[in-house]
């Protein structure tokens, strides 16, 4: 399925009285020379060739922090949050040819009455402490504000039956070097009920390993989670760099109809590893005890 990247040079302005200027996206707007609290208005013209038998989704991998999205003058959604990926179905709004995408991004400065002890924005390390010049200070702790379209923006073409959101692979370590993989495939069928075939290929990244799983299902209309289970004998485990090698696998998922025509395809990288914490707060990686580094404790929180 086709994917159109909208990364590159966008236009932006701070209010309707200003002329539009160029800005790079994805990027934190502070890194683009914009030291700003509040709203920024982005826009981007793009061209696309559409097909009648396909559906189209606008995907944002990450925007900081509140945002509204318009396509061709129509409001298609709002969202809040720094880290979360989100998407919109745009099949009925998208034009074959030239389109206008507008994104209003608001990254406000919180008042000293609520910041930092009762802050409402959740920005991870960019909230305060050692990553901001003023640290926790109520007056200067929000200086050099982050904001903007900081991760990829995509338009993805999908079939009427397609993988919805992200495939998740959950490993469980068993005795004797066996590992059980629970593969969760979210599917969306927006057409008539029919038989489909799911073809999975699991391959090692940088090493030879190739496994295949083929299963047929009768899928009614609607959204589903298909769980497939595969047991591996002594696979290469992901571990921390100072304890071995961080081995990774690639999972490729194809959805076919009864005529063997491809409806959708998605891939995901994953590592086979298991982390446990016992009741004494001892940490275990792949059943071996280890000390987690790179953490900190903020006693006042």
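With respect to being in contact (Cβ under 8 Å) with a residue 60 or more places away in the chain, over 22 Å from the mean Cα position of the chain (by Cα) and under 25 Å from residue 284 (Cβ atoms), residue 169 falls outside the description. Residue count for segment 28-61, restricted to those that are in contact (Cβ under 8 Å) with a residue 24 or more places away in the chain and part of a helix (DSSP H, G or I): 3. Within segment 87-127, restricting attention to residues that are outside any loop (DSSP other than H, G, I, E, B) and more than 19 Å from residue 27 (Cβ to Cβ), which residue is nearest to the chain's Cα centre (by Cα)? Among them, the one singled out is 87. Exactly one residue among 301, 194 is modelled with pLDDT under 95 and surrounded by 15 or more Cβ atoms within 10 Å (Cβ to Cβ), and that residue is 194.
Among the residues making up segment 155-181, those that are surrounded by fewer than 17 Cβ atoms within 10 Å (Cβ to Cβ) and either touching a helix residue (DSSP H, G or I) at 6+ places or on another chain (Cβ under 8 Å) or outside any loop (DSSP other than H, G, I, E, B) (or both) are 168, 170, 172, 173, 175, 176, 177, 178, 180.
Of all the residues in segment 1-31, those that are surrounded by 15 or more Cβ atoms within 10 Å (Cβ to Cβ) and more than 16 Å from residue 153 (Cα to Cα) number 3. Given the condition modelled with pLDDT of 85 or more, within 22 Å of residue 79 (Cα to Cα) and not in a loop (DSSP other than H, G, I, E, B), answer yes or no: does some residue in segment 128-149 qualify? Checked segment 128-149: at least one residue is modelled with pLDDT of 85 or more, within 22 Å of residue 79 (Cα to Cα) and not in a loop (DSSP other than H, G, I, E, B). Among the residues of segment 274-288, those identified as touching a strand residue (DSSP E or B) at 6+ places or on another chain (Cβ under 7 Å) and either exposed (fewer than 13 other Cβ atoms within 10 Å of the Cβ) or modelled with pLDDT under 90 (or both) are 275, 276, 277, 282, 287.
Evaluate segment 202-210: report whether one residue or more is closer than 16 Å to residue 258 by Cβ, under 26 Å from the mean Cα position of the chain (by Cα) and surrounded by 16 or more Cβ atoms within 10 Å (Cβ to Cβ).
Step one: filter segment 202-210 for residues closer than 16 Å to residue 258 by Cβ, giving none.
Checked against the condition, which is being closer than 16 Å to residue 258 by Cβ, under 26 Å from the mean Cα position of the chain (by Cα) and surrounded by 16 or more Cβ atoms within 10 Å (Cβ to Cβ), segment 202-210 yields no hits at all.
Just so you know, in segment 60-78 the residues that are under 17 Å from residue 122 (Cβ atoms) and more than 14 Å from the chain's Cα centre (by Cα) include one that is surrounded by the fewest Cβ atoms within 10 Å (Cβ to Cβ), and it is 78.
The values are calculated or read from the model by the stated rules, or taken from the named source; none is laboratory data. Since the model is a prediction, treat every value here as computed from it, not as a measurement. In this analysis, Cβ positions are derived from the backbone assuming ideal geometry, glycine residues included, and neighbour counts consider all displayed protein chains.
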